Amino acid sequence: QVQLVESGGGLVQAGGSLRLSCAASGNIFSINTMRWYRPAPGKQRELVAAITSGGTTNYADSVKGRFTISIDNAKNTMYLQMNSLKPEDTAVYYCNAQIRLHPPRGEYDYWGQGTQVTVSS
């Protein structure tokens with residue numbers, strides 16, 4: 001069983017920065033895709049950012065230019081660098097990963113426990 005452990009959330013003033021981490025551990029062969037989600041009005045969740053093993057990234061329009069997603073493949077850890085934070089960024093952020101287990105036998109979907117980000121005005 002793969003575990004995704006999130007950290008880095010907290011309380012920050014508007015305009016400040018936080019870096020979220022999502023560390024994957026377990027019987028991992030490779031990580032195909034990692035994503036960050038947060039709840040959004042009118043729907044269950046919003047895709048904040050995503051990155052593939054090839055380095056392709058995608059961001060929600062609301063965070064483009066402010067957030068940066070990255071992966072440290074050696075550590076099986078994904079990061080979300082959040083700059084110029086706004087009160088509307090306040091949410092519980094969840095990491096999600098599609099992971100191929102070792103030995104290779106298909107991909108499975110995993111979720112982190114969530115980490116709270118609160119941005120004060």
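The values are calculated or read from the model by the stated rules, or taken from the named source; none is laboratory data. Everything numeric in this text was worked out from a predicted model, so none of it was measured. Here Cβ is always computed from backbone atoms with ideal geometry, including for glycine, and neighbour counts include all displayed protein chains. Side chains included, ligands, DNA and RNA excluded: accessible areas come from the protein's heavy atoms. Shrake-Rupley method; radii C 1.70, N 1.55, O 1.52, S 1.80 Å.
I need the strands (runs of 3 or more DSSP E) fully contained in region 54-121, keeping only those with at least 2 residues that are farther than 13 Å from residue 17 by Cα and of a type in the set (Asp, Glu). Walk me through it before giving the result.
Values: elements: 57-59, 67-72, 77-82, 91-101, 107-111, 115-120.
In region 54-121, the matching strands (runs of 3 or more DSSP E) lie at 107-111.
Would you mention how many residues in region 53-100 are modelled with pLDDT of 95 or more, of a type in the set (A, V, I, L, M, F, W, C) and surrounded by fewer than 18 Cβ atoms within 10 Å (Cβ to Cβ)?
Summing the residues that are modelled with pLDDT of 95 or more, of a type in the set (A, V, I, L, M, F, W, C) and surrounded by fewer than 18 Cβ atoms within 10 Å (Cβ to Cβ) in region 53-100 gives 2.
Within the group 50, 40, which residue is among the hydrophobic types (A, V, I, L, M, F, W, C), under 12 Å from the mean Cα position of the chain (by Cα), open to solvent by less than 40 Å² (accessible area, probe 1.4 Å) and more than 22 Å from residue 13 (Cβ to Cβ)? If you could, list the steps in order and put the result at the bottom.
Values: 40 fails: under 12 Å from the mean Cα position of the chain (by Cα).
The conditions single out 50.
Just to check your reading of the model, which residue among 80, 85 is touching a Cys at 6+ places or on another chain (Cβ under 9 Å) and farther than 21 Å from residue 27 by Cα?
Details: 85 fails: touching a Cys at 6+ places or on another chain (Cβ under 9 Å).
Going through 80, 85 in turn, just one is touching a Cys at 6+ places or on another chain (Cβ under 9 Å) and farther than 21 Å from residue 27 by Cα: 80.
Which of (1) closer than 13 Å to residue 3 by Cα; (2) among the acidic types (Asp, Glu); (3) open to solvent by less than 40 Å² (accessible area, probe 1.4 Å) does residue 109 not meet, given it meets every other one?
(3)
Among residues belonging to region 13-33 that are within 16 Å of the chain's Cα centre (by Cα), modelled with pLDDT of 95 or more and not in a loop (DSSP other than H, G, I, E, B), point out the one that is farthest from residue 93 (Cα to Cα).
Start the filter on region 13-33 by keeping residues that are within 16 Å of the chain's Cα centre (by Cα), which leaves 17-25, 31-33.
The next check asks that each one be modelled with pLDDT of 95 or more; those that pass are 17-25.
With not in a loop (DSSP other than H, G, I, E, B) added as a condition, the list becomes 18-25.
Details: 18: 12, 19: 11, 20: 9, 21: 10, 22: 10, 23: 14, 24: 16, 25: 19 Å.
Going through the qualifying residues, I end up with 25.
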